[in-house]
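Chemist: Just passing along the structure, written as structure tokens.
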Amino acid sequence: MSDYRILFNRPYVSGKEFEYMQEAAASGHLSGDGQFTKRCHALLEAATGTARAFLTTSCTHALEMAALLTDVGPGDEVIVPSFTFVSSVNAFVLRGAKPVFVDIRPDTLNLDERLLESAITERTKVIVPVHYAGVGCEMDAIMELANRHNIVVVEDNAHGLFGKYRGQPLGTFGALATQSFHETKNFTCGEGGALLVNDPALIERAEILREKGTNRSRFFRGMVDKYTWVDIGSSWLPSELLAAYLYAQLEQREDIQARRARIWHYYQEHLSDWACQHGVRLPIVPAHCEQPYHMYYLLLPSLNVRQALIAHLKAHGILAVFHYLPLHLSDMGMKFGGRPGDCPVTEDISDRLLRLPFYNAMTEAELAAVVEAVRSFDGWDA
């Protein structure tokens, strides 16, 4: 049993998950790329406008596919924000590329597009914008710069499915984009992901990589009389049981997004005056960005206050958590040249950010309890 009465996250069942899983089991096809996988692909393609969607076993694996599709290797550089999950970097480091860490904007906590030009060298091959909290990066500026320098853009859209930037769906700007269906995301199958392929020239190779480097998909379409090994690749197909669970959630996307919007706006409404009184900053969402309500966070005045508030909420049976640590200051990041002071906004934000409980089935009573506990905090001298 958990010591917390209100957890940070609770997996959600939208209605037909187990019905669809039973249907998948009864079909006799439990391995990947069955009918539920195809339904997920079609839904994602129709909803986002991407050229092709491919379910994967995780967002990490989608990123690894993207690294292969961009042909990065030793001697290449990949620009990433330091404030992100390690998968954004690992996927390219595994291919031999060097990460170049760039700081984030102090408002949206996204990759600071104003710093990109100075980070680009003749070895820069990929830029990885991460849409933090589902709020879009400044994609107009990023794409203009990338196109001018002939650099591939791979969007890490783990937080941002169904979010938009200037009316265009996140995940449809770069040549490639990745999605996450981890249990902490808006839509989940426990562990899962997707690769969105926006450049049609990459679709056939994406199919091959995902099929262990074979042209098996072409064989099933009757395009070749047998399939064989034609490229490198791996096994990144989720089972039909996971696809069935996920499809039930994606079908209910409007209801799920409405639930999450209610939670986000409840926090915003009930904590705004408290935040102003105590020098706490709440999330900033520019008017040209439509967020999918992935998380709600507080930026406290200091690390000590942040830690004191975590302890205070724990004493009230509420689990609140911090987020990313600066990758450029990690053991691996420093091996690639990261040093203190390289990304000052990231270093500052990482110490002060606190995420509040946020899950689809969160009740108003639970929200009220979290708000009451936050507002009762008096450890400002910590």
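The values are calculated or read from the model by the stated rules, or taken from the named source; none is laboratory data. Worth saying up front: this structure is predicted, and the values here are computed from it rather than measured. Note: ideal-geometry Cβ built from the backbone for every residue, glycine included; neighbour counts use all protein chains shown.
Chemist: Give me the pairs: first residue in the stretch 309-322 and at pLDDT 95 or above, second residue of a type in the set (K, R), beta-carbon distance under 6 Å, and six or more apart or on different chains, which are they?
Modeler: Hits for this filter: G317/R5; V321/R355.
Chemist: A further question follows. Could you please find all residues in the stretch 167-185 being surrounded by fewer than 24 Cβ atoms within 10 Å (Cβ to Cβ) and out of contact with any Asp or Glu (no Cβ under 7 Å at 6 or more places or on another chain)?
Modeler: If the condition is that a residue be surrounded by fewer than 24 Cβ atoms within 10 Å (Cβ to Cβ) and out of contact with any Asp or Glu (no Cβ under 7 Å at 6 or more places or on another chain), then G167, Q168, P169, T172, E183, T184, K185 are the ones that fit.
Chemist: Would you say F101 is in a loop (DSSP other than H, G, I, E, B) and not assigned by TED's automatic domain parsing to the domain that holds G337?
Modeler: no
Chemist: Taking into account only those residues within the stretch 250-292 that are of a type in the set (S, T, N, Q) and touching a Gly at 6+ places or on another chain (Cβ under 9 Å), which is nearest to A47 (Cα to Cα)?
Modeler: Q252
Chemist: Look at G193 and say whether it is more than 23 Å from A24 (Cβ to Cβ) and touching a Ser or Thr at 6+ places or on another chain (Cβ under 8 Å).
Modeler: Criteria not met by G193.
Chemist: Name the one entry in L63, L109, L44, L55 that is surrounded by 20 or more Cβ atoms within 10 Å (Cβ to Cβ), of a type outside the set (S, T, N, Q), part of a loop (DSSP other than H, G, I, E, B) and in the same structural domain as Y165 (by TED's automatic domain parsing).
Modeler: L109
Chemist: Between a residue in the stretch 224-246 that is crowded, with 22+ Cβ neighbours inside 10 Å and any residue that is of a type in the set (D, E), which pairs come within a Cβ distance under 7 Å, given they are 6 or more apart or on different chains?
Modeler: Cβ pairs passing all conditions: A244/E23; Y245/E17.
Chemist: Out of L246, L237, I need the residue that is under 22 Å from the mean Cα position of the chain (by Cα) and in a loop (DSSP other than H, G, I, E, B). Which one?
Modeler: Among L246, L237, only L237 is under 22 Å from the mean Cα position of the chain (by Cα) and in a loop (DSSP other than H, G, I, E, B).
Chemist: Here are some conditions: (1) touching a Phe, Trp or Tyr at 6+ places or on another chain (Cβ under 8 Å); (2) not assigned by TED's automatic domain parsing to the domain that holds N110. V197 meets all but one. Which one does it not meet?
Modeler: (2)
Chemist: Tell me, please, whether a residue that is part of a loop (DSSP other than H, G, I, E, B) and among the acidic types (D, E) can be found in the stretch 6-18.
Modeler: no
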